[in-house]
1. Plugging the Kirkwood radius over Cα pairs into Stokes-Einstein for chain A, at a temperature of 4 °C and a viscosity of 1.567 mPa s, what D comes out in µm²/s?
2. Using a Gaussian network model on chain B with a 10 Å cutoff between Cα atoms, which of B:Leu18, B:Leu200, B:Leu125 fluctuates the most?
3. Along each principal axis of its Cα atoms, how long is chain B end to end? Whole angstroms, biggest number first, please.
4. In chain B, which helices (entire DSSP H runs) extend 30 Å or more along their own long axis, judged by Cα positions, while averaging at least 1.0 on the Kyte-Doolittle scale?
5. Just name one of B:His32, B:Leu59, B:Gly91: the one whose Cα is farthest towards the positive end of the charge dipole of region B:15-120 (beta-carbon charges, Lys/Arg +1, Asp/Glu -1).
6. What do the square roots of 5 times the Cα gyration tensor eigenvalues come to for the protein assembly as shown, in whole Å, largest first, as semi-axes of the equivalent ellipsoid?
7. Can you give the direction-averaged projected area of the convex hull of the alpha-carbon atoms in region B:211-343, in nm²?
8. What average number of partner chain Cβ atoms lie no more than 10 Å from the Cβ of the residues making up B:175-184?
Amino acid sequence: MIKTIIIDDEPLATEIVLEYLSEFEQIQVLAVCHDGFAGLKAIKEYDPDLIFLDVQMPKITGFEMLELLENPPAVIFTTAYDEYAMKAFDTHAIDYLLKPFSKDRFEKAMEKYLKTGERVVGVGQDVSKLELKGPSERIVLKDRNDIKIIPYTEIIYLEANDDYVNIHTVDGKFLKNKTMKFFENDLDAKLFVRVHRSYIVKITEITKIESYEKDSYIVKLRSGESIPVSKSGYPKLKKVLGV
Amino acid sequence: MISATLKFNKANWLKAILITLAWVMGVAYLVHTFEPGLGMAALDVGFHTFLLILGYFFLENIFRYYTPQDRQFLIFLSFPLVVSVIIFYVGKYSIELVLIHQQSYLDFVKEIQIVKLFVIFLMVLGYALLLLFHSRLETQIKMLERAEQIDKLVKEAELYQLRQQLQPHFLFNSLNSISSLVKRKPDEAREMVLQLSEFLRKTIRKENQKWISVIEEIEYLQLFVGIEKVRFGHRLEVDFQFDENCKSLLLPQLLVQPLLENAVKHGLYGVLGAVLIKVSFECHEEYLFIKITNPFDPSAGQASGESFGQQAIRRRLFLLFGRNDLFQTQNHAEVFKVELKIPQNYDQNNYH
């Protein structure tokens with residue numbers, strides 16, 4: 001049996017997936033969820049092989065939900081938003097169904113899944129390392145058992161931590177499995193500067209730039225912390241600050 | 001134009017000086033042919049040219065602050081007249097003072113002084129006309145630019161409206177609902193098709209420019225809500241309220257619906273569970289007040305600042321009423337509120 005979960009915030013949209021799926025005997029639908037949080041819970045509980053996933057959903061999007069999974073199942077996206085198609089294929093989704101979709105189109109997606117086999121290898125890593133264009137404006141991450149949504153506006157600075165990034169906010173420090181490069185591209189370049197290989201700082205948090213030994217500098221933050229500035233980071237910082 | 005010469009680069013200065021010199025020498029030679037004495041003629045003409053340039057400078061500064069209107073031709077004429085008379089007398093007495101011993105030259109000058117005054121007047125008048133023409137042209141260009149800007153804004157607003165009318169996501173999701181209903185609940189599917197058709201027909205109706213009554217607007221909004229409730233009925237509740245005495249007041253079309261759609265979207269995607277949207281129409285004094293509230297979660301990282309849709313509404317209100325204070329948004333205690341004010345003492349057939 002193929003364990004399946006449907007996640008979409010519109011009941012009628014889940015019902016048509018159920019209707020189309022009813023002809024696939026090997027499919028076993030274990031749960032129908034109406035938001036990403038319920039989806040996460042169900043995925044944890046049932047460990048499905050395949051999920052049908054809407055993009056625009058309450059609180060967190062389908063993409064953000066996927067990011068929180070360490071070992072995501074195979075995904076078929078179902079959405080009315082065709083602008084997400086590229087992003088969906090970057091996450092190595094099996095297929096991307098544009099609403100409304102025909103039965104034929106749906107069956108094609110299912111064939112694709114059945115042919116490629118149970119799980120697509122490497123989905124997990126690829127999702128977490130996505131370097132997508134277009135600002136996302138917020139970070140969704142797992143903080144112990146809670147899901148935390150951090151708007152970009154609340155970031156004080158970012159610190160590289162192996163394959164992860166430490167996100168420093170007023171509420172404390174959070175770990176996200178994305179790269180510094182991703183954030184450097186995604187954050188507003190007028191506000192955030194990569195002052196060092198391991199640091200991105202929000203310029204409005206800076207209170208002082210001090211010279212530190214020969215040719216190197218540190219910035220003091222409003223929170224009292226000090227961040228090192230590299231040789232290549234200093235001119236970037238000066239440029240953004242306009243000095 | 002002389003002020004413009006102040007901004008000239010060196011090459012242009014050189015040209016101006018050369019032209020002035022050529023002018024002085026030419027006229028001096030002309031005078032010399034009637035009364036020998038090229039030096040005196042050159043001095044005379046040179047000095048008068050200098051006075052003329054001063055006069056031009058003076059005129060230019062007057063017309064910079066004062067542009068005579070069509071019917072003030074006499075006033076316009078008086079400036080060059082006064083300037084040329086001053087140039088004439090200053091020139092005359094200065095030359096008499098300097099060339100006091102050249103009686104024959106002075107006699108010659110005295111003989112032609114009427115012609116001289118006339119020539120000076122013509123020169124000054126010509127320049128004044130040029131200045132007037134230039135300033136008119138400038139005003140016209142400025143007016144044209146402003147008209148173009150207004151035109152652009154109107155077009156943008158129309159474009160936005162058009163996009164708003166098409167609402168691809170709303171449409172596709174609604175069609176998906178119909179597709180889902182059609183086999184299992186054909187009656188509901190048909191109901192939804194009818195609702196959607198009526199909503200679309202009202203959205204693209206031709207007399208969009210006309211204002212409609214509060215009651216008509218509410219009917220239209222309820223069509224929209226009806227469709228959204230088919231999609232989100234398990235979560236969505238929209239509460240309409242209006243004062244009895246506001247029922248027949250008028251408002252521009254397609255102003256409230258985008259805001260309601262925004263409220264529904266932010267409510268549904270901003271929080272989990274049930275979403276209550278409140279829409280109210282009230283009237284006080286000369287205004288119709290429309291308020292829409294939706295729940296939101298401040299911690300969810302919704303983009304701050306005005307959305308494109310809100311900016312478009314604000315611009316449209318500005319185009320309609322020339323005011324910027326008719327649209328307000330408020331974030332308070334997990335409730336987002338927008339408020340529109342529609343002035344009632346306004347020409348309600350004038351769209352822009």
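Taken together, the values in this text are just the output of simple stated rules run on the coordinates, not laboratory data. Just so it is clear, the structure is predicted and the values come from calculations on it, not from any experiment. Positions of Cβ are generated from backbone atoms using ideal geometry, with glycine treated the same way; all protein chains shown enter the neighbour counts.
1. On the way: Rh = 19.7 Å.
Stokes-Einstein gives a translational diffusion coefficient of 66 µm²/s.
2. Result for chain B, Cα springs under 10 Å: B:Leu18 fluctuates most.
3. Principal axes ranked by extent give 117, 44, 39 Å for the Cα atoms.
4. What comes out of the filter, once short or polar helices are dropped, is B:10-34, B:38-65, B:73-98.
5. Result: B:Leu59, furthest along the dipole toward the positive end.
6. Numbers: eigenvalues 1092, 260, 93 Å².
Taking √(5λ) for each eigenvalue gives 74, 36, 22 Å, largest first.
7. On the way: hull surface 31.9 nm².
For region B:211-343, the mean projected area of the Cα convex hull comes to 8.0 nm².
8. On the way: counts 3, 13, 8, 2, 9, 13, 3, 1, 3, 4.
Partner-chain Cβ atoms within 10 Å, mean over residues of B:175-184: 6.
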